[in-house]
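Report on the structure given below.
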Amino acid sequence: MSLTVRPIVGRRAKITALGTYVPPDVLTNKDLEKMVETNDQWIVERTGIRERHVLAKGLGLSDICVEAAKKCLAARGGINGPMPASELEVIIVGTVTPDMMFPSTACLVQDKLGAKGAWGFDVSAGCSGFVFALQTGVKLVESGAHKKVMVIGADANSRMVDYTDRSTCVLFGDGGGAVLIEPAEEGEVGFIDFIHEIDGSGGVSLNLKGGGSLNPPTHETVDRKMHYIYQDGPAVYKFAVRKMAEATTNLLERNAVTGAELGCFIPHQANKRIITATADRLGMAPERVIINIEKYGNTSAGTIPLAMETAVEEGKLKKGDLVLLAAAGAGFTVGAALLRWEI
């Protein structure tokens, strides 16, 4: 395969470490049968999900992020132990379930990790949060501004799910992952290209209406269940299938890469049918499409790093492989990235 790498002004960037975390508490389909009118067969057939992890009371999204970050630092370390958090220069968190409106989750993570001197911020892009945050971190490294950027994608969806609404409560779980972005060595490729897009007209189809400046918390907003996820399932499904296929196809075409040349395809884990529909459009062999939704459900911004770990554990993601990432989410948002795995 001859890969024409698009030129980059400055240096190239790569992923040097990965760490993930899911809370220990598990909510199975059988558990949901006791909570809402649904059943295991119905959930599995329509979504591919069998169980999901749920964050315990008294903890916040930042706790998931910190555990994932610690594992990432440990993976980047050596015989002398984990890489010190003090070496981090930037922390970027992709999430729509922050501990609170402010300060940002990145601030909370920086403090809990002891990453003295780092700056950072949150990225709100729904289920595309990780790929949006990832590319932001990549550009900070490619520009020469920073050498060590931690990018975290995580969500605690159980905090905004109505467990009396069977159309949404069966879908979502909690968890996330962190990657470290650093300059690539001479001869390494790392990140190659990306395509991102937003379509704000889709905001009516997937949102959480309460809690912001338009609808601040009141007894009325709580009674009207405005602090729970609202989703128009058919509209979201149609957008995700169409735009994930469009973004990934365009990205591969402009880099002269075919689906057959990819080591693996790591998509956002929203719904098994969406994943397989996108993979079919790319001409990807099923064994090279990473699917772990049965274990975690939709963890929003957390799905891609969790799927990265699954790909590594299953031997489907190896050093030198070309990897395609793709996600679609609330906003609407869509993102795709092409990279060479250099770990």
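The values are calculated or read from the model by the stated rules, or taken from the named source; none is laboratory data. These numbers come from a predicted model, not from an experiment. Cβ atoms come from the backbone with ideal geometry, glycine included; neighbour counts cover every protein chain shown. Protein only, heavy atoms only, side chains kept; ligands, DNA and RNA dropped before computing areas. Shrake-Rupley method; radii C 1.70, N 1.55, O 1.52, S 1.80 Å.
Criterion applied to VAL204, VAL189 was being farther than 22 Å from GLY302 by Cα, of a type in the set (Val, Ile, Thr) and not in a helix (DSSP H, G or I), and the one residue passing it is VAL189.
Pairing each residue of the stretch 59-73 that is more than 14 Å from GLY94 (Cα to Cα) with any residue that is polar (S, T, N, Q) and part of a helix (DSSP H, G or I), provided the two are 6+ apart or on different chains, yields C-beta distances under 9 Å for GLY60/THR105. Of all residues in the stretch 171-186, exactly one satisfies the criterion of being of a type in the set (A, V, I, L, M, F, W, C), farther than 30 Å from LYS30 by Cβ and part of a loop (DSSP other than H, G, I, E, B), namely ALA184. For the stretch 307-319, the count of residues that are farther than 26 Å from SER124 by Cβ, open to solvent by 10 Å² or more (accessible area, probe 1.4 Å), in a loop (DSSP other than H, G, I, E, B) and in contact with an Asp or Glu (Cβ under 8 Å, 6 or more places away or on another chain) is at least one.
Contact map, the stretch 203-219: first residue small (Gly, Ala, Ser), second residue open to solvent by 40 Å² or more (accessible area, probe 1.4 Å) and not in a strand (DSSP E or B), Cβ cut-off under 7 Å, separation 6 or more or different chains; pairs are SER205/ASP232; GLY210/PRO217; GLY210/HIS227; GLY211/PRO217; GLY211/HIS227. Identification of strands (runs of 3 or more DSSP E) wholly contained in the stretch 10-85 with 3 or more residues that are open to solvent by 10 Å² or more (accessible area, probe 1.4 Å) and under 28 Å from ASN271 (Cβ atoms) yields 26-28.
Just name the residue that is most open to solvent (accessible area, probe 1.4 Å) out of those in the stretch 158-179 that are of a type in the set (Gly, Ala, Ser) and under 16 Å from HIS53 (Cα atoms).
To start, the set of residues in the stretch 158-179 that are of a type in the set (Gly, Ala, Ser) comprises 158, 167, 173, 175-178.
Subsequent filtering for residues that are under 16 Å from HIS53 (Cα atoms) retains 158, 173, 175-177.
Numbers: SER158: 19, GLY173: 2, GLY175: 0, GLY176: 0, GLY177: 0 Å².
If we take residues in the stretch 158-179 being of a type in the set (Gly, Ala, Ser) and under 16 Å from HIS53 (Cα atoms), then SER158 is most open to solvent (accessible area, probe 1.4 Å).
Restricting attention to the stretch 258-267, the residues that are open to solvent by less than 20 Å² (accessible area, probe 1.4 Å) and either in a helix (DSSP H, G or I) or out of contact with any helix residue (DSSP H, G or I) (no Cβ under 8 Å at 6 or more places or on another chain) (or both) add up to 1.
Results for (1) over 16 Å from LEU88 (Cβ atoms); (2) modelled with pLDDT of 95 or more; (3) hydrophobic (A, V, I, L, M, F, W, C); (4) open to solvent by less than 10 Å² (accessible area, probe 1.4 Å), shown as yes or no for each residue.
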{"residue": "VAL123", "(1), (2), (3), (4)": "yes, yes, yes, no"}
{"residue": "LEU140", "(1), (2), (3), (4)": "no, yes, yes, no"}
{"residue": "HIS146", "(1), (2), (3), (4)": "no, yes, no, no"}
{"residue": "ALA156", "(1), (2), (3), (4)": "yes, yes, yes, yes"}
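Across the stretch 91-125, which residue is nearest to THR303 (Cα to Cα) among those that are under 18 Å from the mean Cα position of the chain (by Cα) and part of a strand (DSSP E or B)? Residue satisfying both the conditions and the ranking: GLY94.
Quick one: which of LEU251, LEU208, LEU214 is under 26 Å from ASP122 (Cβ atoms) and open to solvent by less than 40 Å² (accessible area, probe 1.4 Å)? Write out each step before concluding.
Working: LEU208 fails: open to solvent by less than 40 Å² (accessible area, probe 1.4 Å); LEU214 fails: open to solvent by less than 40 Å² (accessible area, probe 1.4 Å).
Going through LEU251, LEU208, LEU214 in turn, the sole match is LEU251.
Every test in (1) more than 26 Å from THR95 (Cα to Cα); (2) out of contact with any helix residue (DSSP H, G or I) (no Cβ under 7 Å at 6 or more places or on another chain); (3) of a type in the set (Ser, Thr, Tyr); (4) at pLDDT 95 or above is passed by THR28 save one, and that test is (1). Restricting attention to the stretch 268-291 and to residues that are assigned to a helix (DSSP H, G or I), open to solvent by less than 50 Å² (accessible area, probe 1.4 Å) and over 18 Å from PRO234 (Cβ atoms), the residue that is modelled with the lowest pLDDT turns out to be LEU282.
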